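Have a look at the structure below, then the notes.
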Amino acid sequence: RNSLLIHRHKSMSILFNPFTNRSEMTKRLANPFLLVYASAASLYTDVFLMLSGCLTVYTFYGRLQKGKQVKLWREILDRYFRIIPSVIFLILFCTFVLPLLGSGPMWNLVVTSHAEICKKYWWRNMLFVQNWFGYNSICLTNTHHVGIDMQLFVAATILTPILYKYPKRGLQLIIGLALLSTIARFYVT
């Protein structure tokens with residue numbers, strides 16, 4: 001599933017390709033397989049996030065059952081420093097190196113414009129809050145799920161000990177948060 005998520009993000013760049021025959025492009029994009037594949041793209045992200053969350057909670061729950069503590073700040077900092085070197089490299093490469101590696105009629109639209117966004121908003125990726133802002137102002141749009149994953153990791157780090165100590169109240173809290181999240185998403189949409 002993770003490879004489908006990566007493939008889907010990479011294939012989105014096809015939408016930036018220029019076309020000379022609109023009818024031919026429409027016919028190709030109307031392929032039933034492509035329609036299902038494109039429609040299911042959000043499911044790939046959901047599965048990725050669900051598996052990540054399950055592994056996080058399973059690990060924390062196992063530690064709690066063994067009598068170990070889940071130290072909130074240590075867990076978050078460990079994960080942050082594990083992920084951030086790759087994020088820094090990616091931002092630096094896509095902002096300062098990639099724009100120099102090519103040219104063409106669509107280059108500025110795709111690569112240079114994203115580099116300019118990254119020059120302005122790189123700090124959002126460093127704090128893993130890039131998904132809180134409009135898609136048009138995200139530095140490295142293909143990393144939106146990394147921000148979501150980090151935020152859900154923080155939530156799992158907070159909620160797992162509560163769920164372990166107070167199962168009924170913890171479950172009520174999680175259901176309440178899921179309901180609030182659904183309402184907020186509905187409101188924004």
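The values are calculated or read from the model by the stated rules, or taken from the named source; none is laboratory data. From a predicted model like this one, the values you see are computed outputs, not experimental measurements. As a convention, Cβ positions derive from the backbone with ideal geometry for all residues, glycine included, and neighbour counts pool all protein chains shown. Heads up: the accessible areas ignore ligands, DNA and RNA and are worked out on the full protein's heavy atoms, side chains in. Shrake-Rupley method; radii C 1.70, N 1.55, O 1.52, S 1.80 Å.
I'd like to verify a number: residues in the stretch 165-189 that are out of contact with any helix residue (DSSP H, G or I) (no Cβ under 8 Å at 6 or more places or on another chain), under 23 Å from Arg63 (Cβ atoms) and open to solvent by 100 Å² or more (accessible area, probe 1.4 Å), how many?
3
What do you reckon, is Ser13 at pLDDT below 65, hydroxyl-bearing (Ser, Thr, Tyr) and open to solvent by 60 Å² or more (accessible area, probe 1.4 Å)?
Numbers: at pLDDT below 65: yes; hydroxyl-bearing (Ser, Thr, Tyr): yes; open to solvent by 60 Å² or more (accessible area, probe 1.4 Å): yes.
So Ser13 fits the description; yes.
Identify all residues within the stretch 60-103 that are within 18 Å of Gly147 (Cβ to Cβ) and of a type in the set (Val, Ile, Thr); write none if there are none.
Ile76, Ile83, Ile84, Val87, Ile88, Ile91, Thr95
Is at least one residue of the stretch 89-103 closer than 30 Å to Lys165 by Cα, in contact with a helix residue (DSSP H, G or I) (Cβ under 8 Å, 6 or more places away or on another chain), modelled with pLDDT of 90 or more and among the aliphatic types (A, V, I, L, M)?
Quick first cut of the stretch 89-103, residues closer than 30 Å to Lys165 by Cα only: none.
No: the stretch 89-103 contains no residue that is closer than 30 Å to Lys165 by Cα, in contact with a helix residue (DSSP H, G or I) (Cβ under 8 Å, 6 or more places away or on another chain), modelled with pLDDT of 90 or more and among the aliphatic types (A, V, I, L, M).
Name the residue that is least open to solvent (accessible area, probe 1.4 Å), counting only residues in the stretch 149-164 that are over 13 Å from Arg124 (Cβ atoms) and aliphatic (A, V, I, L, M).
Step one: of the stretch 149-164, the residues over 13 Å from Arg124 (Cβ atoms) are 149, 152-164.
So of that shortlist, the ones also aliphatic (A, V, I, L, M) come out as 152, 154-156, 158-159, 162-163.
Values: Leu152: 90, Val154: 45, Ala155: 37, Ala156: 14, Ile158: 82, Leu159: 36, Ile162: 60, Leu163: 43 Å².
Across the stretch 149-164, the extreme among qualifying residues is Ala156.
Within the stretch 166-181, is even one residue touching an Asp or Glu at 6+ places or on another chain (Cβ under 9 Å) and among the aromatic types (Phe, Trp, Tyr)?
Initial filter on the stretch 166-181 (touching an Asp or Glu at 6+ places or on another chain (Cβ under 9 Å)): none.
No.
Report yes if some residue within the stretch 156-178 is under 20 Å from Tyr44 (Cβ atoms), touching a residue at least 60 places away in the same chain (Cβ under 8 Å) and not acidic (Asp, Glu); otherwise report no.
No; the residues of the stretch 156-178 include none that is under 20 Å from Tyr44 (Cβ atoms), touching a residue at least 60 places away in the same chain (Cβ under 8 Å) and not acidic (Asp, Glu).
Can you pull out the residues in the stretch 104-137 that are more than 19 Å from the chain's Cα centre (by Cα), at pLDDT below 85 and not small (Gly, Ala, Ser)?
Matches in the stretch 104-137: Pro105, Met106, Trp107, Asn108, Leu109, Val110.
Considering Leu140, Leu43, Leu49, Leu55, which residue is open to solvent by 90 Å² or more (accessible area, probe 1.4 Å) and under 13 Å from the mean Cα position of the chain (by Cα)?
Numbers: Leu140 fails: open to solvent by 90 Å² or more (accessible area, probe 1.4 Å); Leu49 fails: open to solvent by 90 Å² or more (accessible area, probe 1.4 Å); Leu55 fails: under 13 Å from the mean Cα position of the chain (by Cα).
Criteria check complete, one pass: Leu43.
Mind checking which pairs have a first residue in the stretch 47-72 that is outside any helix (DSSP H, G or I) and a second that is open to solvent by 60 Å² or more (accessible area, probe 1.4 Å), Cβ under 8 Å, 6 or more apart or different chains?
Taking only residues 6 or more apart or on different chains, the pairs are Gln69/Arg63; Val70/Arg63.
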